[in-house]
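Here's the structure, in structure tokens; my notes come after.
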Amino acid sequence: MSYQQLTEGRRYQISTLLELGISISEIALKVKCHRATAYRELKRNRIHNQYCPTHAHASSVSRRKTAHKYRIPVEHVEFARLLISIDWSPEQISSVLTKAGASISHEWIYRYVAQDKRQGGKLYRHLRQGHKRYRKGLKEKAPTIKNAVSIDERPSIVDNRERFGDWEIDTV
């Protein structure tokens, strides 16, 4: 079974199955997680000897946010600030810090600059493009044809190809 973190829905499933009196091993099979994961979830998130999925999910999210791998040392942040202020791009900063053994992603730097801007800072002025945010999938690639008629519904006179505009060719 491949590793996946428990979702909020799975936590509610665990809670409901516990109330029905099903054993933890069977719960793990039904929720499709390892038995140890179910035991650990119940051990970590009991309040007054009762499992609460809402509290369990909230504490899981907070533990994930404060995990060591997400914390970036202050020295690295200050170094990134300094390099941005002398007009280095986040990609350059990320590359240099990664080679020095202090990995910070360019995405994190862009988020840091955006947060600084929201708080009234001026770091965003040092970005080359003013960091126009890339938003995937917002624009249509080609405009749709309004009132489009299916090829199956075209008039039979078109098949004769006697009128101007009845011919279709591939120009590619």
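Just so you know, all these numbers are worked out from the coordinates, no wet-lab data involved. None of the values given here were measured: they were computed from a predicted structure. Cβ atoms come from the backbone with ideal geometry, glycine included; neighbour counts cover every protein chain shown.
The table below gives the values:
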read-out	value
Of Leu83, Leu42, Leu20, the one that fluctuates the most in a GNM where the chain has Cα springs shorter than 10 Å	Leu20
GNM result for the chain, Cα springs below 10 Å: residue of Tyr12, Tyr124, Tyr70 fluctuating most strongly	Tyr12
Added length on full extension, which subtracts the Cα-Cα distance from 0.36 nm per residue, Lys122 to Lys43	23.8 nm
Helix-only CD estimate at 222 nm, as mean residue ellipticity for the chain, using -39500 (n - 2.57) per DSSP H run (n ≥ 4)	-14000 deg cm²/dmol
Relative exposure of Cys52, Cys33, judged by other C-beta atoms within 10 Å (fewest first)	Cys52, Cys33
Radius, Kirkwood style, for the chain when every pair of distinct Cα atoms is counted (Å)	22.6 Å
Distance from region 63-101 to region 1-53 (C-alpha centre basis), Å	37 Å
Order of Trp88, Trp167, Trp108 - criterion: other Cβ atoms within 10 Å of each residue's Cβ, fewest first	Trp167, Trp108, Trp88
Ranked list, fewest to most other Cβ atoms within 10 Å of each Cβ, for Ile145, Ile109	Ile145, Ile109
Rg followed by Dmax, in Å, when region 8-67 is reduced to its Cα trace	11.1, 34
Among His48, His106, His57, residue whose mean-square fluctuation peaks in a GNM of the chain (springs only between Cα atoms under 10 Å)	His48
Calculated FRET efficiency for the pair Ala114/Asn147, C-beta based, R₀ 30 Å, to 0.05	0.10
